[in-house]
Amino acid sequence: VRGAGSRLEAGTTLTAGLDYDGSPGGLAEIVVADGGVLQAGTLALGAGATLSGNGGTVVADVVSGGTLSPGASPGVLNVDGNLTMIEGGRLVIQIGGTTPGVDYDLLHVSGNVVLAGTLEIDLVGGFTPQAGDSFEFLTGAGFSGAFAQFVLPSWGNALGFRLDFG
């Protein structure tokens, strides 16, 4: 769903990467970008599904056991609804500088966020974070839960990442 004025309305529930009975399905990729809008009551992502895009909006409650990868190396994806990450789900954030949505990915959720699954941070474009750099890559009205696993880069100095749910 790409481009201003592009819209996909899916009714009550749209599933990707799930079979008709909710069991794991095949691979699926949903891209919402450049002003496009995907609208559904619920968007359910199975393990084989990826939701990505830059400058698009998903108007739905998103339940993700798949991969959320906002941006287009990097960029911003908007969710107008709640986000629930479940076991097996991954949030992949690319960081290539310190400007949100331009140098690093931003997932903006208007509703509440329930965390689970894996957070994966990828450094891109040869970027090396410095002491004091911060990256607000996920926003929401409220947060609960926690990531179960982390895939974090190392870059050869004593610095590391610290998550702050301020």
Q: Among Gly71, Ala116, Val102, pick out the residue whose Cα is farthest towards the positive end of the charge dipole of segment 12-166, where Lys and Arg carry +1 and Asp and Glu carry -1 on C-beta, about the Cα centre.
A: Ala116
(Q) Translational diffusion coefficient of segment 79-128 at 25 °C, 0.890 mPa s, Stokes-Einstein with Kirkwood Rh over Cα pairs, in µm²/s as a whole number. (A) 205 µm²/s
Q) Using alpha-carbon positions, what is the distance between the centroids of segment 21-60 and segment 97-122, in Å? A) 16 Å
Q. Radius of gyration and Dmax for segment 1-92's Cα atoms, expressed in Å?
A. 11.9, 34
Q | Amide H within-cut-off set for Ala49, under 5 Å, with H built and near neighbours excluded | A | Ala28, Thr67
Q) Got a number for carbon plus sulfur as a percent of the chain's accessible area, 1.4 Å probe? A) 49 percent
Q | Rotationally averaged projected area of the chain (alpha carbon convex hull; nm²) | A | 9.5 nm²
Q) If you place +1 on the Cβ of every Lys and Arg, -1 on the Cβ of every Asp and Glu, and leave all else neutral, what size is the dipole of the chain about its Cα centre, to the nearest 20 Debye? A) 80 debye
Q.
From the phi angles alone, apply the Karplus equation (6.51, -1.76, 1.60; θ = phi - 60°) to segment 59-68 and give each ³J(HN,Hα) in whole Hz, x where the residue is Gly or Pro.
A. 9, 5, 7, 9, 10, 10, x, x, 10, 9
Q. Looking at segment 67-154, which GluC sites (Glu not before Pro) are DSSP coil and have at most 13 other C-beta atoms within 10 Å of their C-beta?
A. Glu87, Glu136
Q: May I ask you to give the solvent-accessible area per residue for the chain, in square angstrom, as obtained with a 1.4 angstrom probe?
A: 48 Å²
Q | Highest average packing first - 64-71, 100-107, Cβ atoms within 10 Å | A | 64-71, 100-107
**Q.** Relative contact order %, the chain, counting alpha carbon pairs below 8 Å whose residues are six or more apart
**A.** 15 percent
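The values are calculated or read from the model by the stated rules, or taken from the named source; none is laboratory data. This one's a predicted model, so the numbers in the text were calculated from it and none came from an experiment. Don't worry about glycine lacking a Cβ; one is built from the backbone with ideal geometry, like all the others, and counts go over all protein chains shown. Surface areas here come from the heavy atoms of the whole protein model, side chains and all, with no ligands, DNA or RNA. Shrake-Rupley method; radii C 1.70, N 1.55, O 1.52, S 1.80 Å.
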